[in-house]
Structures are given as C-alpha cells and as structure tokens.
C-alpha cells in the first residue's frame with residue numbers, strides 16, 4: 001500500500017510540525033483542529049517555520065510554496081475519508097484519543113493506517129476501539145518535528161508486519177532515523193529520560209545545587225545540548241508530569257514518582273517556555 005495522503009489530527013506544536021514535515025516530503029496533507037482559531041494558529045506556525053527554513057537556505061521559496069499548497073485545514077474528521085495514513089496528535093488524554101480513534105475508524109478506508117503520536121499512553125487501548133487493530137501503531141515524533149531526526153515507532157501485540165513495513169517506508173521518506181519499541185509506558189526515550197529529569201528536580205528541590213549549576217554541570221560535563229531543567233522548561237512541566245504519572249501508575253516504581261515541587265509548579269501554572277515561566281523566566 002502506497003501512502004499518498006496523510007491526515008494529522010491536531011495542529012498544535014506537534015501536529016503542525018508533523019503536517020509540515022509530511023508536506024515538505026511530498027505528501028498531500030489534511031490537518032484538523034477543533035476550532036478555526038486554533039487551526040489558523042497552527043497553519044501560521046507552519047508558514048513561519050517554512051519561512052525560517054527558506055531564510056536559512058534549507059529550502060527554496062518555490063519548495064516552501066509547494067509544501068504550503070499541499071496542505072489543507074479542516075474542522076471535521078469526516079473529511080479524512082481519502083487518507084492513507086492518519087497521525088493523531090491531540091492532547092495526552094486517553095478518553096479523547098479513543099473518541100478520535102473510534103470516529104476515524106468509521107471514516108477511513110479499509111486500507112488506511114491509524115497512528116498516535118502519544119509519548120506515554122497505551123496504543124493498544126486506542127486500537128481496542130477500532131476494527132483495524134492490525135493497522136494501528138504509535139508514531140512518536142520529537143519536538144521540534146522539522147529539526148529532530150528521530151521517530152519512535154510503537155508496536156502493539158496487534159500491529160501487523162505489513163503495517164510496520166509501510167510505517168518504516170513512510171519514516172524513511174521523511175528523512176528520519178527510526179527505532180521501534182514495544183507498547184509500554186514511556187517506550188524507549190521517555191522511559192530513560194523521566195528518571196533523569198525527575199532526579200534533577202529532586203536535587204534542586206533539596207537545595208543540593210542551584211538550577212544554573214545543575215544545568216551547567218550536565219551541559220558541559222556530559223556534553224548535552226541543554227541541562228535537565230532547561231529541557232524540562234522546553235518540553236513543558238505539565239507534559240513531563242503527565243508522562244511521569246502515567247509511568248508511575250503502570251510500573252509503581254519510585255523512579256517515576258513526581259517530586260512535590262514539580263506538581264506544585266504545574267498547579268501554579270509555571271509550565272515552562274509555553275507559559276512564560278518555569279524553572280526560568282521567559283517573560
């Protein structure tokens with residue numbers, strides 16, 4: 001089965017990035033949001049990203065215009081009826097994702113593959129509300145999608161070999177490096193990342209070092225592009241808390257137990273870059 005038309009559900013930070021990368025790689029793309037304001041915000045984000053790529057010599061203006069022409073927006077999941085692959089990039093809420101999967105299953109053609117960009121939730125549970133469990137998998141992109149070279153494929157016990165083969169061909173067409181994980185919370189990256197980030201919060205919370213020294217130590221001592229608290233602000237404190245809670249619920253392992261400081265910062269609305277304040281002030 002050849003993928004020609006890709007659907008993306010959600011045009012937020014991740015969804016807009018996925019839509020952009022697919023359009024830049026030659027696919028016809030349909031992206032959906034829940035209202036016109038959010039859809040326009042997402043499309044504007046894509047146009048800004050394309051303009052930046054042109055200004056940096058990463059692509060020509062003609063290529064950017066062609067990518068834009070391949071994209072359409074919609075507010076209705078019923079419009080996805082001619083898609084060969086749909087990537088769901090809605091918020092990390094299982095009830096919402098299952099509702100989307102069930103509706104898409106009734107709309108999509110029989111051959112279509114249905115994927116989730118979830119970073120931590122059970123893909124098998126999403127597949128359970130469809131009649132195409134063999135065609136469901138996780139396709140986890142990383143932020144910012146146009147820049148980050150990795151795709152983490154998540155294979156459930158239902159996903160067929162054919163679906164995985166098509167998914168790998170799709171990932172290769174986007175120019176991404178691919179890894180495959182079983183359907184367990186956190187997959188590969190977040191299962192390793194969360195204890196590291198949570199430990200950094202514990203060190204800061206317990207007064208063992210300043211946030212600046214923690215970040216500098218990791219940045220220079222381990223040659224990481226950024227320290228753990230800066231990374232936490234970049235990813236979003238609420239996102240990391242959600243992932244940690246999901247992993248703790250599954251494993252009951254103290255390594256994934258969120259520090260009280262992290263939970264209180266989220267309650268206070270200090271979510272990182274996206275709110276203007278996290279461990280650092282971005283206002």
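Among the residues of the range 235-261, which ones are in a helix (DSSP H, G or I) and farther than 19 Å from residue 119 by Cα? Explain how you work it out, then say what you get.
Going residue by residue through the range 235-261, those that are in a helix (DSSP H, G or I) are 235, 237-251, 254-256, 260-261.
The answer is 254, 260, 261.
Of the numbered conditions (1) in contact (Cβ under 8 Å) with a residue 60 or more places away in the chain; (2) loosely packed, with under 15 Cβ neighbours inside 10 Å; (3) touching a helix residue (DSSP H, G or I) at 6+ places or on another chain (Cβ under 8 Å), residue 173 satisfies every one except a single condition; which is it?
Looking at each condition in turn, residue 173 falls short on (3).
Results for (1) closer than 23 Å to residue 234 by Cα; (2) part of a loop (DSSP other than H, G, I, E, B); (3) touching a helix residue (DSSP H, G or I) at 6+ places or on another chain (Cβ under 6 Å), shown as yes or no for each residue.
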position: 2; (1), (2), (3): no, yes, no
position: 7; (1), (2), (3): no, no, yes
position: 22; (1), (2), (3): no, no, no
position: 37; (1), (2), (3): no, no, no
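Which one of 208, 231 is surrounded by 15 or more Cβ atoms within 10 Å (Cβ to Cβ) and either out of contact with any helix residue (DSSP H, G or I) (no Cβ under 8 Å at 6 or more places or on another chain) or under 23 Å from residue 117 (Cα atoms) (or both)?
231
Looking only at residues in the range 179-198 that are touching a helix residue (DSSP H, G or I) at 6+ places or on another chain (Cβ under 8 Å) and outside any loop (DSSP other than H, G, I, E, B), which one is nearest to residue 165 (Cα to Cα)? Please lay out each step first, then the result.
Residues of the range 179-198 that are touching a helix residue (DSSP H, G or I) at 6+ places or on another chain (Cβ under 8 Å), as a first pass: 180, 183-186, 190-191, 194-198.
Applying the additional criterion that residues be outside any loop (DSSP other than H, G, I, E, B) yields 180, 190-191, 194-198.
Working: 180: 12, 190: 24, 191: 25, 194: 30, 195: 32, 196: 33, 197: 34, 198: 36 Å.
The qualifying residue nearest to residue 165 (Cα to Cα) is 180.
Got at least one residue in the range 79-86 being touching a helix residue (DSSP H, G or I) at 6+ places or on another chain (Cβ under 6 Å) and in a loop (DSSP other than H, G, I, E, B)?
no
Would the range 138-154 turn up any residue that is touching a strand residue (DSSP E or B) at 6+ places or on another chain (Cβ under 7 Å) and farther than 30 Å from residue 231 by Cα?
no
Looking at 85, 77, 104, which one is within 20 Å of the chain's Cα centre (by Cα), surrounded by fewer than 20 Cβ atoms within 10 Å (Cβ to Cβ), touching a residue at least 40 places away in the same chain (Cβ under 8 Å) and over 21 Å from residue 242 (Cα atoms)?
None of the other options fit; the residue is 77.
Computed from the coordinates by the stated procedures, all read-outs in this text should not be read as laboratory data. A quick note: this is a predicted structure, and the numbers were derived from the prediction, not measured. Counting neighbours? That spans all protein chains shown, and the Cβs are built from the backbone with ideal geometry, glycine included.
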